[in-house]
1. Could you list all residues from the range 39-72 that are farther than 12 Å from residue 19 by Cβ and open to solvent by less than 30 Å² (accessible area, probe 1.4 Å)?
2. Considering each residue of the range 124-141, count those that are out of contact with any His (no Cβ under 8 Å at 6 or more places or on another chain) and either outside any loop (DSSP other than H, G, I, E, B) or modelled with pLDDT of 95 or more (or both), and give that number.
3. So, of the residues in the range 25-38 that are open to solvent by less than 30 Å² (accessible area, probe 1.4 Å) and not small (Gly, Ala, Ser), which turns out to be farthest from the chain's Cα centre (by Cα)?
Amino acid sequence: ISKYGNVPPSTFKVALEKAHGSTIQMHGADALRRFGLSTQHPVQAIYYTTGATRRFMVSGEQVVMKHISPRKIICPGTNVGLAVLALWYLGKKKTTKKALSQIKKNLSESEYQVLLANTDKMPGWMSDALYHFEGQGSKHA
């Protein structure tokens, strides 16, 4: 209880409890917002999970845990993981130099190096975009 009365649990904490060992990560739209690439806010809380898709209520708010391929969750629970989800959500055509610059600006240098070190786990278009951004050509040329 806070000075404002009963404080409902965070939807993320409840989602973690309901994950039952599955990995969960915030939704790509939320990742975009964290990096300043969008101002849109989802109407309901949506999280990605490597487990089954499910819906539940938390203090009157619907929460969705949406199944996602484990290969799309790289470095879960980190800013690097959020950067990868933001790029997945943007997709190949919208992953521009401007978007990559904004993501880089919001990562520490060590986080950015971890992002680059994990390009082997990313689809070709994503790792190529990072290599082009860094002026290194294409990893898959």
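The values are calculated or read from the model by the stated rules, or taken from the named source; none is laboratory data. Because the structure is predicted, anything quoted here is derived from the model rather than measured. Please note: Cβ atoms are built from the backbone with ideal geometry, for glycine as well, and neighbour counts cover all protein chains shown. Calculation scope for accessible area: heavy atoms of the full protein, side chains included, ligands and nucleic acids excluded. Shrake-Rupley method; radii C 1.70, N 1.55, O 1.52, S 1.80 Å.
1. Matches in the range 39-72: 45, 58, 64, 68.
2. To start, the set of residues in the range 124-141 that are out of contact with any His (no Cβ under 8 Å at 6 or more places or on another chain) comprises 125-126, 129-137, 139-141.
Among the residues that remain, those that are also either outside any loop (DSSP other than H, G, I, E, B) or modelled with pLDDT of 95 or more (or both) are: 125-126, 129-133.
Within the range 124-141, residues that are out of contact with any His (no Cβ under 8 Å at 6 or more places or on another chain) and either outside any loop (DSSP other than H, G, I, E, B) or modelled with pLDDT of 95 or more (or both) number 7.
3. The extreme case among them is 35.
Quick grid of which residues meet (1) of a type in the set (Phe, Trp, Tyr); (2) within 13 Å of the chain's Cα centre (by Cα); (3) at pLDDT below 95:
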position	(1), (2), (3)
18	no, no, yes
42	no, no, yes
59	no, no, yes
105	no, no, no
112	yes, no, no
